[in-house]
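Undergrad: To start, I am sharing the structure in question, which I have written as C-alpha cells.
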Amino acid sequence: MTKPARTPQTGLLYPIWRCAISPPNGSFGRNGRLGAIVPANNSVLEPEWWSKLPPGVALYATRILARGDLTPEAVRAMEANVDRAVDELAATGVDVIAYCDMVTTFIMEPGWNEVKVAEIEKRSHTPAISAWTALRDALTALGIKRFALGTPYPAAIHALAAPFFTGRGYEVVSNRTLDIVKMTDVPKVTLRQIRDFVAALDRKNAEAVLLLATDLPCFSVLAELEREFGIPVLTSNQTLLWSAMRTTAKSNKTASVSIPDIGKLFHV
C-alpha cells in the first residue's frame, strides 16, 4: 500500500512551525527573540535550534560568508562580515546575539572571544555570547574540568584545540578529529558516524564528552549518547542554545526553560 504524501500538517516539525507562524497571542518571540550570527556554510544550527525551541521563542539568524576549505585565512576573511551581521540583528530587536562559530576560538588571538563579545554588545546595545563563552559557562554549570574532545576540524586546526583548553585549566583526557577539510562536508556526517566517533574516544576518567563545531549535526543523537556512555555530552549548538536561553531569561526576568532530549545540561 502506498503511503500518503506527507503534508505540512503531518510533518514532524509542524507543531513547532505552527507556533512560529501563528503565535497564539499574535506576538512573535513573546518569550524570547534569539539572534544568531551563522557562518554561511552552516546548514545545521538553525534546523537544530528550531526543532527544540519552546513555544513563544523565535530565532532570527543572519549569515557571514564562509566557503571553501576550513583554513585560518578563510576564518579571518569571514570575520570581516561580523559588524554588518550585528547591525542586522540589532535592527530586528533581538534579546541576545549569539556568535555561532567555534573554530574562531582556536584560530584568533588569545582573548579574542571576550573582546569580540564586548564589541558586539557595545555596537548593538544587546547582550551577546560566543560559542566559547557558552561552552565555558556550560562546563562551569556542570562542574566539569576533565573531558574527551572530538571535532571535525582539519588536523592542523584540531591540534590547536587541546592546548587552548589546557591553558585554561581543563584536562583533555583524549582527543580525536574527523579531519574534514571542506566546510560543506561537515553537515553530511551521519548520526551513526557521530556515535562511533564518540565510542572511539578514550573516555576513562572523563567527566564529559565535548563535540565541537556548530555545523556538526548532533541534536538527534544527544540523549542516546548520554544514555549509552553515562556522562554528559556537550556540543557547540547545544551549549549556545542553552546560553542564549539563559541570557534571554535573565534579560526578561523570566524563568529558564528546560528542554528535553538534548542532554543533562538543560536540567541544571
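Undergrad: Taking only DSSP H segments of four or more residues, each worth -39500 (n - 2.57), what value at 222 nm results for the chain once the sum is divided by all its residues, to the nearest 500 deg cm²/dmol?
TA: Taken over the chain, the calculation gives -11500 deg cm²/dmol.
Undergrad: Largest first and to the nearest Å, give the Cα extent of region 135-235 along each principal axis.
TA: 33, 31, 23
Undergrad: Quick one: which residues, 5+ away or cross-chain, put their amide H under 5 Å from the amide H of SER130? H built at 1.01 Å from N.
TA: Counting only residues 5 or more places away or on other chains, the set is TYR99.
Undergrad: What is the magnitude of the charge dipole of region 135-235 about its Cα centre, with +1 placed on the Cβ of each Lys and Arg, -1 on the Cβ of each Asp and Glu, and no other charges, expressed in debye to the nearest 20?
TA: Roughly 120 debye, rounded to the nearest 20.
Undergrad: Please provide three numbers in whole Å: the alpha-carbon extents of the chain along the principal axes, with the largest listed first.
TA: Principal extents (Cα only, largest first): 56, 49, 37 Å.
Undergrad: Mind computing the radius of gyration and Dmax over the alpha-carbon atoms of region 81-172? Å is fine for both.
TA: Computed over the Cα atoms of region 81-172, radius of gyration and Dmax are 14.5, 41 Å.
Undergrad: Check every DSSP H run in the chain and write down those whose alpha carbon atoms cover 15 angstrom or more along the long axis and whose mean Kyte-Doolittle hydropathy is -0.5 or greater.
TA: For the chain, where a helix must reach 15 Å along its axis and average at least -0.5, the hits are 82-92, 131-142.
Undergrad: With just the Cα atoms defining each centre, how far is region 90-116 from region 159-201? Give it in Å.
TA: The distance from the Cα centre of region 90-116 to that of region 159-201 comes to 21 Å.
Undergrad: Which lysines have a Cα less than 22 Å from the Cα of LYS264, not counting those fewer than 8 places away in the same chain?
TA: LYS52, LYS145, LYS204, LYS250
Undergrad: So, one more: Two decimals, Cα atoms only, Kirkwood Rh: what is Rg/Rh over region 223-268?
TA: 1.03
Undergrad: Pick from TRP50, TRP132, TRP242 the residue whose mean-square fluctuation is largest in a GNM of the chain, springs joining Cα atoms under 10 Å.
TA: TRP50
Undergrad: Determine the dipole magnitude for the chain: charges of +1 sit on the beta-carbon of Lys and Arg, -1 on that of Asp and Glu, nothing else is charged, the reference point is the Cα centre, and the result goes in debye to the nearest 20.
TA: Roughly 680 debye for the chain.
Undergrad: Would you kindly derive the ³J(HN,Hα) couplings of region 159-169 from the backbone phi angles with the Karplus curve 6.51 cos²θ - 1.76 cosθ + 1.60 (θ = phi - 60°), listing them in order in whole Hz, with x for Gly and Pro?
TA: Whole-Hz 3J(HN,Hα) from phi for region 159-169: 4, 7, 6, 4, x, 4, 6, 5, x, 10, x.
Undergrad: For the chain, set up a Gaussian network in which alpha carbons nearer than 10 Å are linked by springs, and say which option among THR177, THR190, THR71 fluctuates the most.
TA: Of THR177, THR190, THR71, the most mobile in the Gaussian network model is THR190.
Bear in mind that the values in this text are calculations on the coordinates, not laboratory data. All values derive from a computational prediction rather than experimental measurement. Ideal geometry is used to build each Cβ from the backbone, glycine not excepted, and the neighbour counts take in all protein chains shown.
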